[in-house]
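Reviewing the structure listed below.
The values are calculated or read from the model by the stated rules, or taken from the named source; none is laboratory data. Just so we're clear, the structure is a prediction, and the values are computed from it rather than from any experiment. Heads up, the Cβs are rebuilt from the backbone with ideal geometry, glycines too, and the neighbour counts pull from every protein chain shown.
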Amino acid sequence: MAILKPSRARELSDAELQTKLFEYQKELNSERGLLAAGGRTSNPGKLRELRKAIARIMTIIHERKLGLLRGAKTKAQEQQPKEEKK
């Protein structure tokens, strides 16, 4: 299960994304430190999910800097009737 889905992340403001990014990076560093010290993590899949969530957030932040719109429908797309396939 994803920690933060891309659709949910795109709804957050820039400040909220930065906060989430900092939290996830801090949590990832603590988990890595625990493993480096010879300990065991409670959930091995958590490291991968944290890395993916960090990558998602960084991608969305970069898209916003470039002015790209992804995952957002424009008003014209919403008003357009769906075409039927035959």
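Do you know which residues across region 2-22 are touching a helix residue (DSSP H, G or I) at 6+ places or on another chain (Cβ under 8 Å) and farther than 16 Å from Leu68 by Cβ?
Residues satisfying the conditions are Ala2, Ile3, Leu4, Leu12, Gln18, Lys20, Leu21.
Name every residue in region 36-54 that is surrounded by 11 or more Cβ atoms within 10 Å (Cβ to Cβ) and assigned to a loop (DSSP other than H, G, I, E, B), in order of residue number.
Passing the criteria: only Thr41.
Among the residues of region 29-49, write down those that are of a type outside the set (S, T, N, Q) and farther than 20 Å from Lys5 by Cα.
Glu31, Arg32, Gly33, Leu34, Leu35, Ala36, Ala37, Gly38, Gly39, Arg40, listed by residue number.
Let me confirm something: among Lys26, Lys52, which residue is farther than 18 Å from Ser7 by Cα and either in contact with a strand residue (DSSP E or B) (Cβ under 7 Å, 6 or more places away or on another chain) or at pLDDT 90 or above (or both)?
Lys26
Does region 18-35 hold any residues that are surrounded by 13 or more Cβ atoms within 10 Å (Cβ to Cβ), within 14 Å of Leu50 (Cα to Cα) and of a type in the set (A, V, I, L, M, F, W, C), and which are they?
Scanning region 18-35 gives Leu21, Leu28.
Report the residue count in region 1-17 for those that are exposed (fewer than 13 other Cβ atoms within 10 Å of the Cβ) and part of a helix (DSSP H, G or I).
Of the residues in that region, 6 qualify.
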